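The values are calculated or read from the model by the stated rules, or taken from the named source; none is laboratory data. Values in this document were obtained by computation on a predicted structure and should not be read as measured data. We place every Cβ from the backbone using ideal geometry, glycine too, and count neighbours over all the protein chains shown.
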Amino acid sequence: MKPIENCIVNKDTSKNPIWLMRQAGRYLPEFREIRANNQDFIKLCLNESLSSEITLQPIRRFGFDAAIIFSDILMVPFAINQEVKFEKGFGPKLGNLNLDKIKATTNEEFTNRLKPVYNAITRTSQSNLLNDKDLIGFVGAPWTILVYMINKMSPKNGLPSIFFDDPNLINDLLNTIEKFVKLHIKNQINAGANVIQIFDSWAGLLEDRISEYIYRPTFNIVEYVKKLGVPIICFPRGIKNYKEFCEIVKPDMISIDYAVDPHEIVKNIKIPVQGGLDPKFLLSDKDNLKKEVEKYLTIFKDHPYTFNLGHGILPEAKIDLVTTLINTVRKFK
């Protein structure tokens, strides 16, 4: 793993690094060309040469300060023997949950199933395009992976009332997920990732038992990653209390969603901050976009800040506005 002097997770306020969540993918015409010929999303994630190429596409086009490996948080359920497939217009569909089969998965089996992902990270890390840039590996937080595994699809309409009927299943599954998330992180770092981000995409669904289902398992993973000597970013999307999250979980950087007041964040959060911009501004026009980008840059002018979105870039994002976004960040004084 190559050291990066100016890592995106830093305490330097003299510049604002920039990368975008989901920057490798669906809004880029060069990605769409690959995707048209590779309909099976899981197989695409397991194609090490194409995954590496997709990861590098936005670096080649825009020169972002970090690359994030093209993969998916649901590669973990896939690797522990739950069926995962993606249907166009619907999203992920997961198979029936067989806890005995999942718990019988060995570390070696898990690693072998995801070997192409790790090979893609190694291949990407060796690219000349990343000489002075970070390569981000990532995982889903245990809570978010648990939601997908039990719900068997995206919980866009909320969780069913029966979701919490079997607390023993939830606790057993959470512990198993945490174990394999740690292994997935370690394998990504060994392959060449020098930053890790935890996506807790459905943290906002939970109002009770946050300490048990979000804080505890995420803290365990953060502590594990710190011992591996790599910076860790947390993105608990939709969580009500970012200050409490940071004080308990202690990530190196916190990524904020677009529903959060950035003034409250800069007032209450001491660690480096990332993100915040509503991805919909990349569907608007240059004036609106510049105004909103400069708002975030001004608020975080004296706080360590990496520019990013408050959620993944939308497929409809305008390429020229992505260029405008980058130029606005680079020129800001």
Every residue from segment 96-110 that is outside any helix (DSSP H, G or I) and exposed (fewer than 11 other Cβ atoms within 10 Å of the Cβ): ASN96, THR106
Given the criteria touching a helix residue (DSSP H, G or I) at 6+ places or on another chain (Cβ under 7 Å) and either crowded, with 20+ Cβ neighbours inside 10 Å or under 27 Å from ASN171 (Cα atoms) (or both), does LEU289 qualify? yes
If we keep just the residues of segment 302-323 that are more than 15 Å from the chain's Cα centre (by Cα) and not in a helix (DSSP H, G or I), which is farthest from LEU28 (Cα to Cα)? ASP302
Got at least one residue in segment 197-220 being of a type outside the set (A, V, I, L, M, F, W, C), within 26 Å of TYR296 (Cβ to Cβ) and more than 17 Å from the chain's Cα centre (by Cα)? no
How many residues does segment 252-266 contain that are surrounded by 16 or more Cβ atoms within 10 Å (Cβ to Cβ), assigned to a loop (DSSP other than H, G, I, E, B) and not aromatic (Phe, Trp, Tyr)? 3
In segment 281-301, anything assigned to a loop (DSSP other than H, G, I, E, B) and under 24 Å from the mean Cα position of the chain (by Cα) is listed as PHE300
When you look at ILE18, is it buried (at least 20 other Cβ atoms within 10 Å of the Cβ) and either under 19 Å from the mean Cα position of the chain (by Cα) or closer than 22 Å to ALA141 by Cβ (or both), yes or no? yes
Does ASP278 satisfy the condition of being within 22 Å of GLY63 (Cα to Cα), among the acidic types (Asp, Glu) and within 20 Å of the chain's Cα centre (by Cα)? yes
Is it the case that segment 245-259 has a residue that's among the acidic types (Asp, Glu) and in contact (Cβ under 8 Å) with a residue 12 or more places away in the chain? yes
Going by what's in this entry, would LEU321 be described as touching a residue at least 12 places away in the same chain (Cβ under 8 Å), in contact with a Lys or Arg (Cβ under 8 Å, 6 or more places away or on another chain) and surrounded by fewer than 18 Cβ atoms within 10 Å (Cβ to Cβ)? no
Does GLU264 satisfy the condition of being acidic (Asp, Glu) and more than 11 Å from LEU325 (Cα to Cα)? yes
Within segment 5-21, can one find any residue that is modelled with pLDDT of 95 or more and either within 23 Å of LYS182 (Cβ to Cβ) or out of contact with any Ser or Thr (no Cβ under 8 Å at 6 or more places or on another chain) (or both)? yes
Consider segment 111-132. How many of its residues are part of a loop (DSSP other than H, G, I, E, B) and at pLDDT 95 or above? 3
Can you run down the residue pairs with Cβ atoms below 6 Å, 6 or more apart or on separate chains, where the first is in segment 268-282 and closer than 13 Å to ILE256 by Cβ and the partner is surrounded by fewer than 19 Cβ atoms within 10 Å (Cβ to Cβ) and basic (Lys, Arg)? ASN268/LYS243
Does VAL117 satisfy the criteria of being under 17 Å from ALA203 (Cα atoms) and touching a residue at least 60 places away in the same chain (Cβ under 8 Å)? no
